[in-house]
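What follows is a set of notes on a single structure, which appears directly below.
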Amino acid sequence: MVQVDCAVIQRETSTSDTGPVRTCIGCRRRELAVELLRVVAVATGHGGFAVTVDTAGNLPGRGAWLHPDQRCLRAAIRRRAFGRALRITGPLDTSAVGGHIDRIGVRDHPEKRTGSEEHEHTVKSR
Ligand SMILES: [Zn+2]
């Protein structure tokens, strides 16, 4: 087992100590749903599916939950957790999730967020 420490993701919005709890499909930690991304699979029209982030929380369909953390995303991809959680057996394009996490930033890596314009080629090995 790869130890993925997602517990360091602690947002300052401390008002939500209660609420629905979901399990991150990447690191399998239980977390308040408000701390997680809800993702759903949408058909791409080419026989495949793309995983999209349900930012508004109102997309229909079966959803999965993931920390807004590239490590959890990678872990979920590696163990094919998206397909299992979303009941998808075909090819899944998860690039939109990675892009979303990049946009909102990973809060426990503040050093990576400094001078982001200097890193125009933040090409990550998928
Ligand atoms: Zn996680």
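What are the pairs, 6+ residues apart or on separate chains, where a residue within segment 47-74 that is more than 13 Å from residue 95 (Cα to Cα) has its Cβ under 7 Å from a residue that is basic (Lys, Arg)?
Listed pairs, sorted by first residue: 54/38; 57/38; 62/87; 63/38; 65/22; 65/38.
For residue 111, which of the numbered conditions (1) within 17 Å of residue 27 (Cβ to Cβ); (2) modelled with pLDDT under 90; (3) not in a loop (DSSP other than H, G, I, E, B) fails to hold?
Unmet for residue 111, out of (1) within 17 Å of residue 27 (Cβ to Cβ); (2) modelled with pLDDT under 90; (3) not in a loop (DSSP other than H, G, I, E, B): (1).
With the condition kept exactly as written, say whether any residue in segment 40-48 is within 16 Å of the ligand (Cβ to nearest atom) and at pLDDT 90 or above. It would help to see each step written out before you state the result.
Taking segment 40-48 first, the residues within 16 Å of the ligand (Cβ to nearest atom) are none.
There is no residue in segment 40-48 that is within 16 Å of the ligand (Cβ to nearest atom) and at pLDDT 90 or above.
Go through (1) touching a Leu at 6+ places or on another chain (Cβ under 7 Å); (2) within 16 Å of the ligand (Cβ to nearest atom); (3) farther than 20 Å from residue 104 by Cβ; (4) of a type outside the set (D, E, K, R) and name the single condition residue 73 misses.
Looking at each condition in turn, residue 73 falls short on (3).
Does residue 51 count as more than 16 Å from the ligand (Cβ to nearest atom) and of a type in the set (Val, Ile, Thr)? Walk me through it before giving the result.
On the way: more than 16 Å from the ligand (Cβ to nearest atom): no; of a type in the set (Val, Ile, Thr): yes.
In short, no.
Just for segment 19-58: of the residues that are of a type in the set (A, V, I, L, M, F, W, C) and closer than 17 Å to residue 103 by Cβ, which one is surrounded by the fewest Cβ atoms within 10 Å (Cβ to Cβ)? Quick ask: steps written out before the conclusion?
Here is the first cut: in segment 19-58, the ones of a type in the set (A, V, I, L, M, F, W, C) are 21, 24-25, 27, 32-34, 36-37, 39-43, 49-51, 53, 56.
Next, only the ones that are closer than 17 Å to residue 103 by Cβ stay: 36-37, 39, 50-51, 53, 56.
On the way: 36: 26, 37: 23, 39: 26, 50: 19, 51: 27, 53: 19, 56: 7.
The qualifying residue surrounded by the fewest Cβ atoms within 10 Å (Cβ to Cβ) is 56.
Exactly one of (1) within 15 Å of the ligand (Cβ to nearest atom); (2) at pLDDT below 95 is unmet by residue 66. Its number?
Of (1) within 15 Å of the ligand (Cβ to nearest atom); (2) at pLDDT below 95, only one is false for residue 66: (2).
Could you please tell me which pairs satisfy a Cβ distance under 6 Å, a separation of 6+ or placement on different chains, a first residue in segment 4-32 that is near the ligand (Cβ under 8 Å from one of its atoms) and of a type in the set (Asp, Glu), and a second residue that is modelled with pLDDT of 95 or more and part of a loop (DSSP other than H, G, I, E, B)?
Pairs that qualify, where the first residue is near the ligand (Cβ under 8 Å from one of its atoms) and of a type in the set (Asp, Glu) and the partner is modelled with pLDDT of 95 or more and part of a loop (DSSP other than H, G, I, E, B), are 31/24.
Going through segment 59-99 one residue at a time, which ones are farther than 17 Å from residue 34 by Cα and of a type in the set (D, E, K, R)?
Scanning segment 59-99 gives 62, 71, 74, 78, 79, 80, 84, 87, 93.
Tell me which of these residue 36 doesn't satisfy, since it passes every other one: (1) out of contact with any Lys or Arg (no Cβ under 9 Å at 6 or more places or on another chain); (2) within 16 Å of the ligand (Cβ to nearest atom); (3) at pLDDT 85 or above.
(1)
For segment 76-85, which residues satisfy the criterion of being within 16 Å of the ligand (Cβ to nearest atom) and of a type outside the set (Lys, Arg)? Before you say what the answer is, go through the steps one by one.
Applying the first criterion (within 16 Å of the ligand (Cβ to nearest atom)) to segment 76-85 yields 76-82, 84-85.
Scanning segment 76-85 gives 76, 77, 81, 82, 85.
The values are calculated or read from the model by the stated rules, or taken from the named source; none is laboratory data. These figures come from a predicted structure and were not determined experimentally. Cβ atoms come from the backbone with ideal geometry, glycine included; neighbour counts cover every protein chain shown.
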